[in-house]
Amino acid sequence: MKTGSNGLSYPFENRPTPGEIIEVGPGIYWVRMPLPISLNHINLWLLEEQDGWTMIDTGMATEDTKVLWEEIFKRYFSAKPVKRVIVTHMHLDHLGLAGWLVDKWGVELYMSRAEYLTSRVIAAEISSEPPESTVDFFRAAGIDDVALNEFKARFRSRSDFVSPLPTAYKRLVDNQNLQIGSHQWTVIVGEGHSPEHVCLLCKSLNIMIAGDQILPRISPNISVRPNEPDANPLQDWLRSCEYFKNKLDEDVLILPSHGDPFYGAHLRLQEMIDEHKVGLKKLYDFCSESRSVTDVFPVLFKSKINSGNMVIGVGEALAHLNHLVASEDLKLDTTSGIARYKQT
Ligand SMILES: [Zn+2]
């Protein structure tokens, strides 16, 4: 078992190659699909039952991913069909092929209500030009016209990565128990990365399918979205980290959507809390002078923010700034048309 510098340990030597599945627990299989973005893969999970399979997350709606799914179905699913599709949250690497899979197998989609409804809203939104309020949101953050025009030109391209969503779904709620095969799985809902993110914990096996709620190496993006500019998702996130520390045993095996399965959930949760608290402190100090959202990028991010990652950059910077405004450490001044933040 490999151990990382932050104390996490990784029990699996091998990762599944494209089109292959690897058993990581009794009847629990790991699938790895490519992504056409800088984060180059996503982990998806299959639960085997006597009479079928449950799929957890779907991959982006690309031809590559469809071909790989077909290969997996041919190789492993000839004896029994897919029974249900569960999606942890609305991001397109998780949700992208949900509609295609649900149609293909004639089964139902399981999601939390906020994730399902928000994904319907986003799917409708990205099929046309960005709304004026979205453009204003980035302009107020200090994004210049060149980057804004690139953003506008690219806005609709995201719709390529999601197949049409089912018009009905089955709702998952926090603490709900699902009997899947011979094991019971409990839904645990996290917030902050997305509105009502579903994780699945099997207490008897001490394994949790974590989606993006707990990742071993990268920090899940915590973003303010243009349609709720005053949101405080970082508060939701920090509260969720504490919630998961209470819910999980120290030695639970975490199956994350990116990176490798690992032990050390409590260490990782605390590390993520600490990272954000350090970010908040640095940001507060930097705002001894009045600062715009783009001014604070170098304080929060190692990599340069350009038009390609500006949506995430603005969203994450605002998550921290809004948190400090909500705690009355910073005050917001919008009189110039650009939002500016300064210590109270
Ligand atoms: Zn996500």
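General observations
- For the range 41-70, a tally of residues being touching a strand residue (DSSP E or B) at 6+ places or on another chain (Cβ under 6 Å), within 14 Å of the ligand (Cβ to nearest atom) and of a type outside the set (D, E, K, R) returns 6.
- Boolean, Asp260 is within 16 Å of the ligand (Cβ to nearest atom) and either among the acidic types (Asp, Glu) or at positive phi (or both): no
- Checking Pro164 against (1) in a loop (DSSP other than H, G, I, E, B); (2) surrounded by fewer than 19 Cβ atoms within 10 Å (Cβ to Cβ); (3) within 16 Å of the ligand (Cβ to nearest atom); (4) not aliphatic (A, V, I, L, M), the condition it does not meet: (3)
- Residue pairs whose Cβ atoms lie under 7 Å apart, separated by 6 or more positions or on different chains, with the first residue in the range 1-24 and under 30 Å from Glu70 (Cα atoms) and the second surrounded by fewer than 13 Cβ atoms within 10 Å (Cβ to Cβ), are Tyr10/Met1; Tyr10/Lys2; Pro11/Met1; Ile22/Asn14.
- Taking (1) in contact (Cβ under 8 Å) with a residue 24 or more places away in the chain; (2) more than 30 Å from Arg291 (Cβ to Cβ); (3) surrounded by fewer than 23 Cβ atoms within 10 Å (Cβ to Cβ); (4) away from the ligand (no atom under 16 Å from the Cβ) in turn, Phe138 satisfies each apart from (2).
- Residue check for Leu324: under 29 Å from His94 (Cα atoms) and crowded, with 18+ Cβ neighbours inside 10 Å: no
- Failed item in (1) surrounded by fewer than 16 Cβ atoms within 10 Å (Cβ to Cβ); (2) more than 30 Å from Asp144 (Cβ to Cβ); (3) touching a residue at least 12 places away in the same chain (Cβ under 8 Å); (4) under 20 Å from the mean Cα position of the chain (by Cα), with Ile218 passing the rest: (2)
- Identity of the residue in the range 8-43, aliphatic (A, V, I, L, M) and farther than 30 Å from Asn306 by Cβ, that ends up surrounded by the fewest Cβ atoms within 10 Å (Cβ to Cβ): Ile22
- Filter result for Leu300 (among the aliphatic types (A, V, I, L, M), at pLDDT below 95 and more than 16 Å from the ligand (Cβ to nearest atom)): yes
- Scanning the range 198-245 for residues that are within 13 Å of the ligand (Cβ to nearest atom) and of a type in the set (A, V, I, L, M, F, W, C) gives Val198, Cys199, Ala210, Ile214, Leu215, Ile218, Ile222, Trp237.
- Per the listing Leu117, Leu148, the residue uniquely of a type outside the set (Asp, Glu), modelled with pLDDT of 95 or more and either surrounded by fewer than 20 Cβ atoms within 10 Å (Cβ to Cβ) or over 15 Å from Thr167 (Cβ atoms) (or both) is Leu117.
- Qualifying residue in the range 43-55 (condition: closer than 27 Å to Asp160 by Cα, touching a residue at least 40 places away in the same chain (Cβ under 8 Å) and outside any strand (DSSP E or B)): no
- Residues of the range 221-242 that are more than 15 Å from the chain's Cα centre (by Cα) and of a type in the set (Asp, Glu): Glu228, Asp230, Glu242.
- Unique match (being closer than 30 Å to Glu250 by Cα and more than 19 Å from the chain's Cα centre (by Cα)) among Gly59, Gly52, Gly27, Gly106: Gly27
Listed here are the residues, each with its yes/no results for (1) more than 25 Å from the chain's Cα centre (by Cα); (2) basic (Lys, Arg); (3) not in a loop (DSSP other than H, G, I, E, B).
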{"site": "Leu269", "(1), (2), (3)": "no, no, yes"}
{"site": "Glu275", "(1), (2), (3)": "no, no, yes"}
{"site": "Glu289", "(1), (2), (3)": "yes, no, no"}
{"site": "Phe297", "(1), (2), (3)": "no, no, yes"}
{"site": "Asn306", "(1), (2), (3)": "no, no, no"}
{"site": "Ile312", "(1), (2), (3)": "no, no, yes"}
{"site": "Glu316", "(1), (2), (3)": "no, no, yes"}
{"site": "His320", "(1), (2), (3)": "no, no, yes"}
{"site": "Ile338", "(1), (2), (3)": "yes, no, no"}
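- Taking the criterion of being closer than 20 Å to Gln179 by Cα, assigned to a loop (DSSP other than H, G, I, E, B) and within 15 Å of the ligand (Cβ to nearest atom), the residues of the range 71-117 that qualify are Val87, Thr88.
- Where a residue in the range 190-209 is touching a residue at least 60 places away in the same chain (Cβ under 8 Å) and part of a strand (DSSP E or B) and its partner, wherever it lies, is away from the ligand (no atom under 12 Å from the Cβ) and among the small types (Gly, Ala, Ser), with Cβ under 7 Å and at least six apart: Val198/Ser112; Ile207/Gly25
The values are calculated or read from the model by the stated rules, or taken from the named source; none is laboratory data. None of the values given here were measured: they were computed from a predicted structure. Counting neighbours? That spans all protein chains shown, and the Cβs are built from the backbone with ideal geometry, glycine included.
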